[in-house]
Structure formats: structure tokens, C-alpha cells
1. How many residues are open to solvent by less than 50 Å² (accessible area, probe 1.4 Å) and either more than 7 Å from chain B (Cβ to nearest Cβ) or touching an Asp or Glu at 6+ places or on another chain (Cβ under 9 Å) (or both) when one looks only at region A:159-175?
2. If you go through region A:81-99 one residue at a time, do you hit one that is farther than 30 Å from residue B:71 by Cβ and open to solvent by 100 Å² or more (accessible area, probe 1.4 Å)?
3. Within region B:216-238, track down each residue that is part of a loop (DSSP other than H, G, I, E, B) and either in contact (Cβ under 8 Å) with a residue 60 or more places away in the chain or under 23 Å from residue B:46 (Cβ atoms) (or both).
4. Take the residues in region B:163-201 that are assigned to a loop (DSSP other than H, G, I, E, B) and polar (S, T, N, Q); name whichever of them is nearest to the chain's Cα centre (by Cα).
5. Looking at the structure I just gave you, is residue B:266 surrounded by 17 or more Cβ atoms within 10 Å (Cβ to Cβ) and within 11 Å of chain A (Cβ to nearest Cβ)?
6. In region A:45-106, which helices (runs of 4 or more DSSP H) lie fully inside it and hold 3 or more residues that are of a type in the set (A, V, I, L, M, F, W, C)?
7. What residue, among those in region B:112-137 that are open to solvent by less than 50 Å² (accessible area, probe 1.4 Å) and either assigned to a loop (DSSP other than H, G, I, E, B) or of a type in the set (D, E, K, R) (or both), is farthest from the other protein chains (Cβ to nearest Cβ)?
Amino acid sequence: MSCSGILTAFSRLTIYNRSNPIRNISTNTIPVFFRITDSLLAEPLKKKKKLDPAIVKQREERKKRKLEKLIKRLEKHAKQLKPVDEMEIPLKLIDERKIRLRQISPLSPEVIDERVLLQKEWAKYKLNQNLANIQKLDYIMYSQQRALDELKAVSEDLYNEAIQLDIRMLPHTTTGPVRTPPIENYDSPDGDYTDITRKFEGET
Amino acid sequence: MFRQSLRFCTGFSFSKAKALLQHDARWLATESANIKWDLMSAVCLERHPIISKPLNELEAKYQAMLNQIEYENSMKSDHEIRIELEKQLLQSQNQQNTEIDLDVVIKQTAQDFVDASEEEVKNFKFAPKITEADEKNVKTSLKRKLDKNLVLLVEQNVGNKTYWIPPQGLRSDGETLRQTAERVLSNICGQGLTVQFYGNAPIGVYKYRYPKDIRDQGLYGAKIFYFLAKYINGNVEETVKYQWLDKEELQAILPQGIHKSMSQFLIAD
């Protein structure tokens with residue numbers, strides 16, 4: 001290797017390069033002196049496979065038949081009503097009727113009389129209770145009407161305000177009186193929830 | 001017969017109410033325009049019963065009869081049949097005096113199950129129906145007389161006397177009566193109470209004449225309009241003198257006229 005060969009090989013390392021002009025690649029120059037090829041990210045389209053029209057027809061038919069079958073199955077079950085368990089006597093009770101019937105001797109006439117009398121007394125009691133309720137409602141309505149009349153006599157405007165509907169009341173919930181008062185600071189034991197609702201065929 | 005008597009009674013009370021109203025209307029018509037009234041709102045705050053009332057004698061008797069009829073018409077349950085079977089098994093074993101089969105003994109018998117269940121019920125403690133407040137007769141407590149309607153009364157000055165009455169106050173200009181009632185309640189009892197008012201219309205009224213020296217100044221008297229409200233939660237401020245009272249206690253403590261108009265719309269329990 002000659003001496004000049006070495007020099008040319010290292011000439012790129014020199015800071016001053018008098019012989020060659022500097023090659024700059026920069027995007028800061030205007031106009032930019034280079035261009036980038038656009039990336040296409042795609043491949044040439046494939047040729048569509050041609051299907052035999054007979055096969056296509058067969059496939060469609062199969063689809064149709066499948067749907068028809070489903071519809072038929074649904075229709076079959078539509079005629080079959082869901083059983084109402086409460087209205088049917090369980091088979092078990094019919095089978096074991098002999099074992100399960102209570103052996104109770106017929107009621108004595110005194111007991112029957114007593115029951116009839118008690119029922120009559122109960123009917124009267126409930127009637128009076130009902131009448132008392134209706135009367136109380138009348139009293140309340142009367143009291144309210146009197147209050148509104150008194151208000152109207154003083155100021156018509158206030159009366160009109162008072163007879164407006166109270167929309168805030170409307171989703172009204174109330175929990176009635178219960179048998180025993182709630183226990184304070186009671187942490188109720190955890191329980192499991194198992195859904196035992198029966199699913200019927202053809203049910204969506 | 002039943003229906004007739006029902007109709008008769010409602011017709012009677014309706015016509016009575018109507019007659020009374022007509023009487024009132026006539027009286028109102030004669031009321032001259034220059035008479036001036038003070039308008040006031042008052043709040044009847046009710047705590048509804050928490051537990052149901054105990055059955056009375058007839059109700060208990062009827063309930064027992066219904067239960068008996070239900071029992072007579074019912075079929076034996078699985079549990080009852082199991083008890084019978086086990087009884088039979090025990091008898092046959094005793095008769096034969098055979099050695100006791102170990103498997104049968106280890107199994108829980110139906111009687112064991114009954115005993116265990118009864119034990120569990122016995123160990124569970126229900127909250128008492130007669131509370132501590134009942135025993136000590138703490139009238140400011142909401143936990144008294146759980147099966148009754150309680151009404152809030154507050155000690156208030158009217159004129160130069162103090163009365164136990166539902167919270168009441170004068171209406172200021174620009175307020176509807178309902179707004180007055182809400183303001184009065186929160187002014188007197190504090191912000192801690194959550195209540196639900198039953199509608200915009202007053203449910204009752206009580207009016208009275210002022211003494212003569214005030215009447216001479218042009219104000220004839222006051223009309224107090226009562227609003228019904230339901231207690232939801234919260235407490236009355238401790239600085240206020242208040243009581244939660246049932247119907248009999250109300251009658252004893254309320255001024256007679258106010259009690260008369262309030263008893264018309266308060267439901268007896």
C-alpha cells in the first residue's frame with residue numbers, strides 16, 4: 001500500500017478538507033435538497049377466488065334450513081305454556097295422599113257453633129272498624145276544607161299557592177310498622193344467594 | 001244489609017260535614033273586609049308507629065281459629081312424616097331388642113333437629129318492645145311508645161304565657177304558608193331534623209281573637225294553619241324544650257281549643 005493510499009483513507013478524519021466541498025444533509029435548509037420515498041404499507045391485491053355458483057347456492061340453502069329449524073323449535077314451545085307451580089297439585093302429594101292426610105275426628109257441634117259465632121263477631125268488628133276509618137277520613141277532609149276556606153277568606157293568592165300539587169311527595173315510599181323493633185348495632189350474618197328460578201326450553 | 005248501613009253512615013257524616021261547611025261559609029261571608037288577621041303556620045310533626053300494636057282479645061281469638069282451620073285442612077309435612085317414621089323404627093327396635101345399628105344412631109334424628117332449632121330461637125334476642133325510654137318515661141325520646149303515633153310539642157311563648165304546642169310562627173311577607181311552616185320548624189328545632197310534609201295545603205286551622213287592647217290597634221286575631229309532616233330522621237336541638245307525646249298525653253297538655261282542632265285531623269291509634 002502506497003503512502004498516498006493511506007492519506008486518502010484517513011482524509012475523512014481531517015477537520016479541514018480543502019479539496020472536497022462539505023456534504024451536508026439537513027432539514028433546516030430551504031429548499032430541502034432531498035426527498036423521502038412514501039411508505040405504502042400495502043401489498044398488491046389478491047385475485048378474487050371464483051366460487052362455483054352451485055356451492056354458493058348450497059350454502060345459502062343450508063343457512064336457510066338452519067333458521068327454519070330454529071323457528072320451528074321456537075314455535076313448538078310457544079304453544080307449550082309455562083306451568084304455574086302454585087296452581088298445580090304436586091305429584092308427590094297425590095301419591096302420598098294416604099300417608100299425609102291428618103286423622104282428625106269430626107268437629108263437635110259446639111266447636112262448629114263457636115266458630116260461626118266468632119266469625120259473625122269478627123264481621124261486626126271489621127265493619128265497625130271500617131266505618132270508623134271512613135268517618136275519620138271525613139273528619140280530616142272537613143278539617144282541611146275548613147282550613148282552606150279560612151285561608152281563602154284572608155288571601156286568594158295564598159289559597160291558590162296552597163292548592164298546588166306537591167310534586168316532591170310523589171315517588172312516595174313508606175315502610176310499615178313491623179312485629180319487633182330493629183336491634184341496634186346488629187350485624188346480620190352473611191348468607192348465600194342461589195337463584196333457583198327454572199329455565200324453560202325456548203325461553204329467551 | 002251490610003252495604004246499606006255502610007252507605008247510610010258515610011252519607012250521614014258527609015251531609016253533616018257539608019252542613020258545617022255551609023255554616024262556616026255563611027260566617028265567613030259576613031266577616032267584614034276591614035278585619036285583619038295574623039297568619040301563622042304550625043307543624044304537626046308525627047312519628048309513625050315502628051311496631052304493630054298487640055292483638056286485642058277478639059283478634060287473638062280469631063287468629064287462633066284461623067290457624068286451627070289451616071292446620072286441619074293441611075297435609076302432613078315431610079318433617080312430620082320423618083318424625084313418625086323414626087318413632088316406628090324406635091318401637092320396632094325396642095320390641096326386637098336387637099343391637100342398635102350404629103349408622104342410625106349417629107344420624108341426626110328429627111327430634112334433634114327440632115331441639116336444635118328451638119335452642120337457636122331461644123338464644124336469639126329480639127329487641128324489647130317496651131324500651132328503656134318507656135320505663136323511665138323519657139318524653140323527649142323518640143324510642144318511646146313504639147306502637148303509637150307521637151306528635152312533637154315545643155314549649156313556646158304566646159303573649160306573656162308559655163304553652164306546650166306544635167312549633168308555630170308568624171308568616172313573613174312573600175312566603176307561602178308551606179314555606180313558613182318549613183322555616184318555623186327549622187328555626188325552632190334546628191337543622192338536624194329531616195321531615196316530609198304532607199302536601200302544600202294546611203290540614204287544619206285554629207283561630208282566636210286577640211285581647212282588646214291589641215284589637216283596638218287594628219289586628220283582630222290570629223289564624224294558625226296546621227301542616228302535617230312525617231318524621232324521617234334526625235334530632236331536635238338539645239337547647240329546645242320539647243316532648244314527643246301520644247294522643248292521651250296531647251289531650252292533657254294542649255290548650256283546649258287547639259286540641260279540638262288538632263284531634264280532627266290526627267289519626268287515633
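1. 1
2. Yes: region A:81-99 contains one or more residues that are farther than 30 Å from residue B:71 by Cβ and open to solvent by 100 Å² or more (accessible area, probe 1.4 Å).
3. Matches in region B:216-238: B:218, B:234, B:235, B:236, B:237, B:238.
4. B:200
5. Here the answer is yes, as residue B:266 does meet what is asked.
6. So the answer is A:53-79, A:91-95.
7. B:134
Yes/no per residue for (1) modelled with pLDDT under 55; (2) at the interface with chain A (Cβ under 9 Å from one of its Cβ atoms); (3) under 30 Å from residue B:144 (Cβ atoms); (4) surrounded by 13 or more Cβ atoms within 10 Å (Cβ to Cβ):
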position	(1), (2), (3), (4)
B:19	yes, no, no, no
B:26	yes, no, no, no
B:30	yes, no, no, no
B:34	no, no, no, no
B:38	no, no, no, yes
B:51	no, yes, yes, yes
B:62	no, yes, yes, yes
B:77	no, yes, no, no
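The values are calculated or read from the model by the stated rules, or taken from the named source; none is laboratory data. As the structure is a computational prediction, the values presented were derived from the model and not from experiment. When we count neighbours, we look across all protein chains shown, and the Cβ atoms used for this are built from the backbone with ideal geometry, even at glycine. The accessibility values were calculated without ligands, DNA or RNA, using every heavy atom of the protein model including side chains. Shrake-Rupley method; radii C 1.70, N 1.55, O 1.52, S 1.80 Å.
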